[in-house]
1. Give me the number: length gained by fully extending LYS49 to VAL16, i.e. 0.36 nm times residue separation minus the C-alpha to C-alpha distance, one decimal in nm.
2. Highest mean first, what order results for 42-55, 24-37 on Cβ atoms within 10 Å?
Amino acid sequence: MGFGSYDESEQQDQSVDADEDRGVNVHENDHDGSVSFDADADSDELVDKLQSMKDD
C-alpha cells in the first residue's frame with residue numbers, strides 16, 4: 001500500500017551547501033524563568049467571561 005508516487009532518484013545526492021555562520025541560533029534568547037499570575041475570579045466567573053467574549 002503506497003502513499004503516492006516515489007522516485008528513488010530524488011533520494012540521491014541531497015547535499016546542501018549552507019553557510020553555517022549565517023544560521024539562526026535558536027537558543028540565543030532562551031529564558032529559564034517562570035510565569036505566574038493571581039486571579040481573583042473563580043472558575044465560574046472566568047467561564048462566564050469567556051462566554052461573553054465569544055458572544056461578542
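1. Working: separation 33, 0.36 × 33 = 11.88 nm, distance 5.19 nm.
6.7 nm is the gain from fully extending LYS49 to VAL16.
2. Descending mean neighbour count gives 42-55, 24-37.
Bear in mind these aren't lab numbers, they're just calculated from the coordinates by the rules spelled out. The structure displayed is predicted, hence computed values, not measured ones. Positions of Cβ are generated from backbone atoms using ideal geometry, with glycine treated the same way; all protein chains shown enter the neighbour counts.
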